[in-house]
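Following: one structure in structure tokens, then a few remarks.
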Amino acid sequence: MFTPGVGIPLLPGRLVLMLLLLSVSEPRLSQACPGLLASTSGCSCTDERSKTHGIQAFGRRVSCSKEELTEPPDAGLMPNRTVTLILSHNKIRVLRNGSFFGLYALEKLSR
């Protein structure tokens, strides 16, 4: 009797398709944020699902925690679709007006 999926070798096309589907469904590993490298080398970016206006879209989570920052990084250097910004465990005491100007997708700020 034949059992589906047993003993059938994966064709290269099927293997590529499976790997592609796995890479899309799995959360991305942290990676450096290209624009932030010059000012804060320890910031990392990951993909994150945004829930803006009831529509689920992908945004970026930027984490700059434990960097000894005295002020937030320049908003112009962060990815346009930043939805979460983590600034915990820094030395930021004051947030100025306009500190996050241009980050229109920002939903969560953690200090």
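Around LYS108, what is the net charge, scoring Lys/Arg as +1 and Asp/Glu as -1 over all other residues with Cβ under 10 Å from its Cβ? Let's see the in-between values first.
Numbers: positive: ARG61; negative: GLU48, GLU107.
Once positives and negatives cancel, what remains is -1.
Among residues other than ILE86 with Cβ under 14 Å from its Cβ, the summed charge is +2 (Lys and Arg +1, Asp and Glu -1). Label separation (ARG96 vs ARG111): 1.4 nm, computed from points 7 Å beyond Cα along the C-beta direction. Computed over every Cα-Cα pair of the stretch 58-111 and binned at 10 Å starting from 0, the pair-distance distribution P(r) comes out as 26, 60, 13, 0 percent.
Just so you know, all these numbers are worked out from the coordinates, no wet-lab data involved. Since the model is a prediction, treat every value here as computed from it, not as a measurement. All Cβ positions, even for glycine, are placed from backbone atoms using ideal geometry, and neighbour counts span all protein chains on display.
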